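The values are calculated or read from the model by the stated rules, or taken from the named source; none is laboratory data. Computed from a predicted structure; not experimentally measured. Cβ: placed from backbone, ideal geometry, glycine included. Neighbour counts: every protein chain shown. With ligands, DNA and RNA removed, areas are computed over all heavy atoms of the protein, side chains included. Shrake-Rupley method; radii C 1.70, N 1.55, O 1.52, S 1.80 Å.
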Amino acid sequence: EAQAAAHSPPKIAVGSTGSEPRIALAHRSQTAISRANLQIAVDLGGGQGLPPVDFKLELKPGATKPDAKGIQVINARIAGVGLTLPNVPEEFKTQLHKLQGSKVNYRVTENGGAFDFVQDSGKSKNQELGDLLEMVVQGLGDAYMAMPNDSVGAGAYWMTASRRKLLGLDWDVYDMVMVKQVTDKDATLEITSRRYVVGREIDLPPGTQGPKLSVREAVASGTS
């Protein structure tokens, strides 16, 4: 809670601004509807998981300018869902298309970090597809990276701490960002993420019977 409280904007701590030349990685507020593509696949091993699913997202700003605290609300909607893999059962396709029209609202800070995601599960009650929608939320969250106010050059690095919700659990997310290379127009970043579960009890779906479940320990990591 001390590192990343629920509903709080991402925190950012700069370790170094790197060497010259330096550039500013400024976030720009969204002034009109934009569109994005996101593909998600799940591999659980042993032939289990989900095939690649292509999502078309429509991102609409709640207002053309941030509020007094520099925060802008973004309303995301799944405008389309598709599968490129052949021989997928028709029943699965039917269920998958029920995610179309699902909405996710979130807030973006003036430095570009996103937080406080609120999702609408759409019409599908399938738990597997509900988890897939949560992964769409994670994809959106990962696309918004908080940037430092200082200009940065090669060798710069900073850490962000944020709060996410995934699979019924709260997570503290730590992103270590390193600037590998800069030009006069852009920068190449390497991002290493570690996520730790907050609390113990798992939120079960309404109406679920059985004992309460808790998590002893959960850690996730990745590099991009």
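Could you size up the charge dipole of the range 3-92 around its Cα centre, putting +1 on the beta carbon of Lys and Arg and -1 on that of Asp and Glu, and report it in debye to the nearest 20?
Taking the Cα centre of the range 3-92 as origin, the dipole is about 600 debye.
Select from Pro66, Pro148, Pro211 the residue whose mean-square fluctuation is largest in a Gaussian network model of the chain (Cα-Cα springs shorter than 10 Å).
Highest fluctuation among the options: Pro211.
Specify which residue in the list Val73, Val118, Thr94 is farthest towards the positive end of the charge dipole of the range 60-145, using unit charges on the beta carbon of Lys, Arg (+1) and Asp, Glu (-1), about the Cα centre.
Of the candidates, Val73 comes out farthest on the positive side.
Mind jotting down a quarter of the surface of the convex hull over the alpha carbons of the range 159-224, in square nanometres, one decimal?
Dividing the Cα hull surface by four gives the mean projection, 5.9 nm².
Please build a GNM for the chain, connecting alpha carbons under 10 Å apart, and tell me which residue among Asn111, Asn87, Asn37 fluctuates the most.
Fluctuation is largest for Asn87.
With just the Cα atoms defining each centre, how far is the range 71-97 from the range 1-41? Give it in Å.
26
Treating the range 48-104 as a set of equal point scatterers at the Cα positions, no solvent, please give the Debye-formula log₁₀ I(q)/I(0) at q = 0.23 Å⁻¹.
Computed log10 I(q)/I(0) values: -0.90.
Net charge near Glu190, counting Lys/Arg +1 and Asp/Glu -1 over other residues with Cβ under 11 Å of its Cβ?
0
At 1.4 Å probe radius, can you tell me the per residue accessible area of the chain in Å²?
59
Can you tell me which of Gly112, Gly199, Gly153 moves the most in a GNM of the chain? Springs connect C-alpha atoms under 10 Å apart.
Checking each option, the largest mean-square fluctuation is seen for Gly199.
Using only the Cα atoms of the range 65-181, what semi-axes does the equivalent ellipsoid have when each is the square root of 5 times a gyration tensor eigenvalue? Give whole Å, largest first.
Its equivalent ellipsoid spans semi-axes of 32, 17, 13 Å.
If you place +1 on the Cβ of every Lys and Arg, -1 on the Cβ of every Asp and Glu, and leave all else neutral, what size is the dipole of the chain about its Cα centre, to the nearest 20 Debye?
The calculation lands at about 460 debye.
Run the reach check for Lys69 against aspartates and glutamates, Cα to Cα strictly under 20 Å, same-chain hits fewer than 8 apart removed. What comes back?
Result set, ordered by chain and number: Glu110, Asp116, Asp150.
Any idea what % of Cα-Cα pairs in the chain are farther than 22 Å?
58
Within 10 Å of each candidate Cβ there may be at most 11 other Cβ atoms; applying that plus a DSSP loop requirement, which trypsin sites (Lys or Arg not before Pro) in the range 1-87 survive?
Within the range 1-87, the qualifying trypsin sites (Lys or Arg not before Pro) (loop, at most 11 other Cβ atoms within 10 Å) are Arg28, Lys69.
Have a look at Ser214, Ala187, Tyr174 and report the one farthest towards the positive end of the charge dipole of the range 171-224, computed about the Cα centre with Cβ charges (Lys/Arg +1, Asp/Glu -1).
The residue sitting most towards the positive pole is Ser214.
Over the range 17-72, how many percent of alpha carbon pairs lie in each 10 Å bin up to the one with the longest distance?
Using 10 Å bins, I get a P(r) of 17, 24, 23, 25, 10, 0 for the range 17-72.
What's the carbon and sulfur percent of the chain's accessible surface, probe 1.4 angstrom, rounded to a whole number?
51
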